[in-house]
1. May I ask you to verify whether B:D312 is facing another protein chain (nearest Cβ under 9 Å) and not aromatic (F, W, Y)?
2. Kindly provide the set of residues from region A:267-282 that are surrounded by 18 or more Cβ atoms within 10 Å (Cβ to Cβ) and either of a type in the set (S, T, Y) or in a helix (DSSP H, G or I) (or both), ordered by number.
3. Test B:D355 against the stated conditions and say whether it is surrounded by fewer than 24 Cβ atoms within 10 Å (Cβ to Cβ), within 16 Å of A:R242 (Cβ to Cβ) and away from chain A (no Cβ under 12 Å).
4. Answer yes or no as to whether A:A351 is of a type outside the set (D, E), part of a helix (DSSP H, G or I) and within 22 Å of A:R147 (Cα to Cα).
5. Determine whether B:V93 is part of a helix (DSSP H, G or I) and either touching a Gly at 6+ places or on another chain (Cβ under 8 Å) or without any contact (Cβ under 8 Å) to a residue 40 or more places away in the chain (or both).
6. Report every pair of residues separated by at least 6 positions or lying on different chains whose Cβ atoms are under 7 Å apart, first residue within region B:363-378 and over 14 Å from B:D256 (Cβ atoms), second among the aromatic types (F, W, Y).
7. Consider A:V231 carefully, then state whether it is surrounded by fewer than 24 Cβ atoms within 10 Å (Cβ to Cβ), among the β-branched types (V, I, T) and either over 20 Å from B:V289 (Cβ atoms) or away from every other protein chain (no Cβ under 13 Å) (or both).
8. Identify all residues within region B:351-366 that are farther than 19 Å from B:I319 by Cα and either of a type outside the set (F, W, Y) or under 25 Å from the mean Cα position of the chain (by Cα) (or both); write none if there are none.
Amino acid sequence: MPLLTGLMQRFSRERPFDGLAIAACLHITAETAVLVRLLRAGGASVSLAASNPLSTQDDIAAALAVRYGIAVFARAGVDRRAYYRHIELALAGPPTGAGQAGQLSQAGPDLVIDDGGDLVNTLHTQAAALLPKVKGGCESTTSGVLRLRRMAAEGALAFPMIAASDTATKRMVDNTSGTGQSVIDGILRATNTLLAGKTVVVAGFGASGRGVAERARGFGAQVIVTEVDPVRALDASLRGFRVLPMAEAAPVGEVFITATGSVDVIATEHLAVMRDGAILANAGHFDVEIDVRALASFAASVHRDVRPHVDAYDLGDGRTLLLLAEGRVVNLVAAEGHPPEVMDLAFGIEALALAWLALNAGKLPAGVHEVPADIDAEAAGLVLATAGTSIDALTPAQLSYRESWRIGS
Amino acid sequence: MSADQLPYRVADLSLAAFGRKEIQLAEHEMPGLMAVREEYAPSQPLRGARITGSLHMTVQTAVLIETLAAIGAQVRWASCNIFSTQDHAAAAVVVGPDGTPDDPKGIPVFAWKGETLEEYWDCAELALTWPGTDGPNMILDDGGDATLYVHKGAEYEQAGGVPSPASDDSEEWVVILDHLRNSLADHPGKWTAAAKAIKGVTEETTTGVHRLYEMARAGTLLFPAINVNDSVTKSKFDNKYGCRHSLIDGINRGTDVLIGGKVALVCGYGDVGKGCAESLRGQGARVIVTEVDPICALQAAMDGYQVATLEDVVETADIFVSATGNRDVITATHMSQMKHQAIVGNIGHFDNEIDMAGLAKWPGVRRENIKPQVDEWLFEDGHGVIVLSEGRLLNLGNATGHPSFVMSNSFTNQVIAQVELFTKTDEYTLGVHVLPKHLDEKVARLHLDALGVRLTELTKEQADYIGVTVDGPYKSEQYRY
């Protein structure tokens, strides 16, 4: 992760988080560990909870706690109650002494990093007393940003949050390239199915869905796209994808991948007409895109873990549907999440944005804010530099041309 | 008419300057031809060769002709299709780089766009007639017409006369018989002498190769032949990469429809169909393939294409391309069922893949010409289909056929084959040969620099390990590329 490693030296020198407490809710992976160490190098005390009950890599969590002294509250395979309890503990901050761990301290975080919005939500609903101290934070995923915008619209968001997932660079690298690649990786690892010649249905043609669709095509699949947004549907169509309503795609698809950020994209009426052996996978952040409850009630019997992360739902009529990763985000559960290069950029943007926020949060009103464009460009430039790629700079003449309205043809 | 009075017959010599400019552009895009021109210039291996060429008289062919001349050959040329001549290219070859339209100093060409069948066979005979000699001693053929003419001439001379046409003979066959009848009357023994003088033929295309193998099997082949078509650097490149380029070019020039988002049906997934499907997809079309061969059908499916029957999608597809090498693929009934302004075109060699005769006979159908090579056929129910190039090769009819770089591969094979046959006549027995693999590899090698390709060289140990020499050939004869 050359970007984060490069920032490590800079943050150690500049210490942008000196004396600040940061509470983070992220997938506990090796890449997250590097981010957390970077924040610490920048002077922060960090507490960390998992942003998904299944995605924690326990060895990483242990290493963070034992080797780097980070307050980690995460374990793979916890239930819902434990999951939220861990978030509350992370909000409380690093334990300041024996017996105090687990109690919401009055200290609380100065800055937050969230991934899906569960931490910010818990902070507002379960630990509102901590709100006055919070300067602001970053949200890592599109789903979380959507949730924050709804909070902000209701006037419920108490501090500025930067939508770190919503930069041009991040969408390009993280969603399109990273999710695109790792979702396919997850499906292949879970099922070992040959994609060439298969009909793959990708629900949603946003940055992630487009990446998944293009890569599935690269494997030789016939790809069908479903969309609700006419602009994206037209984009998919012009890129040569077949665009159908899910009702028409459901009976022909062999692999279904949801990447919408919406709910019940695959529902009972679709399950009812699917082909025997159809594979269902979700690439969206939440486990609501495939209606797993409907699937369970629709099925005559369920055979768990016929392969790791593959549950076979026997519909009792000779058809079996294969649900991957229990309908949770398949690239993280069945594969290893994004490749490190992708998370390097995503977390690099987040770290730069957080450092900027540490200085400038007071100037921002509560609400959802974009990452400043120069931070996005700075991150992209740092990645290029670490890859040894040089680019052109505008000449003074080009700069003045760009800024002039007097020069025509 | 006699060749003595007509050293050339082309449409308009004043087009030569434009033709020369296009030839110069093409030379840059034909690095293989230019490389053999340079390689053989000092040794002049074709000195003494009298080559009659029968091949589409295009700008690229002009570079071929001038390459043959540059390495020692005398050349006379006709086209192998009544429509395919580019008149400016023909004019430029006749005028030559050092001549003027008033004082042409180039090479005799007998070809223009839009010949009648009579004119076409006049041109063939003119190209095969070398005043003061027994005729050509080499043939460079595309489709086999020049070879056929010599063989039939010699055959009828042996038989003592040209037969009368049968009632079911094609119009073209009647014309050929008439020409040969006149020829035998004017110059008895001409074709027997020519066949004897000819050291061999190099044949460009599948159709001509097919004829040669039939003659070899029947024992009627009169001189050795090299099958250039089946060089890997010819058929695989020309069919796949050439059509990949020129299909889209033809559709764009003919219709200018946005291809992105359209549903395109490609009939046939051989080398041509593969190239077509790839380029349509590259433009953003959703491509559906039809096939009769389960291997090609499975290939298409594994490449991610939907494979359907024409009937499945006839009402929904926007663009139909036939690339099968078979007849009656797109029928009038199909066209009657298509969407309004569906586009129909053929990129297979012959014009029988789309049933144009059936379409013309469809009750109430009306043809409205939009522009040259683009017709809308309107049905009584009000819907129309756009047919490109009257069902003939749309990449040639609506665009300019294969691009220079692709033709450089094909034509470099031709030049090397001509040199082989002319200089190593004894090594090529009566029969049909393909170029040895090391020459196929040489053709490819000559095109690498232009593309900035850096080839890796085998070590001696690596070469030994796979049982080849460091310089090749690298593959067995069975290898399919």
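1. So B:D312 fails the test.
2. A:H270, A:L271
3. No.
4. yes
5. Considered against the rule, which asks whether it is part of a helix (DSSP H, G or I) and either touching a Gly at 6+ places or on another chain (Cβ under 8 Å) or without any contact (Cβ under 8 Å) to a residue 40 or more places away in the chain (or both), B:V93 comes out as yes.
6. Note: pairs meeting the criteria are B:G364/B:F379; B:V365/B:W377; B:V365/B:F379; B:R367/B:W377.
7. yes
8. Of everything in region B:351-366, those that are farther than 19 Å from B:I319 by Cα and either of a type outside the set (F, W, Y) or under 25 Å from the mean Cα position of the chain (by Cα) (or both) turn out to be B:A357, B:G358, B:A360, B:K361, B:P363, B:G364, B:V365, B:R366.
The values are calculated or read from the model by the stated rules, or taken from the named source; none is laboratory data. Bear in mind the structure is a predicted one, so any value in this text is a computation, not a measurement. Don't worry about glycine lacking a Cβ; one is built from the backbone with ideal geometry, like all the others, and counts go over all protein chains shown.
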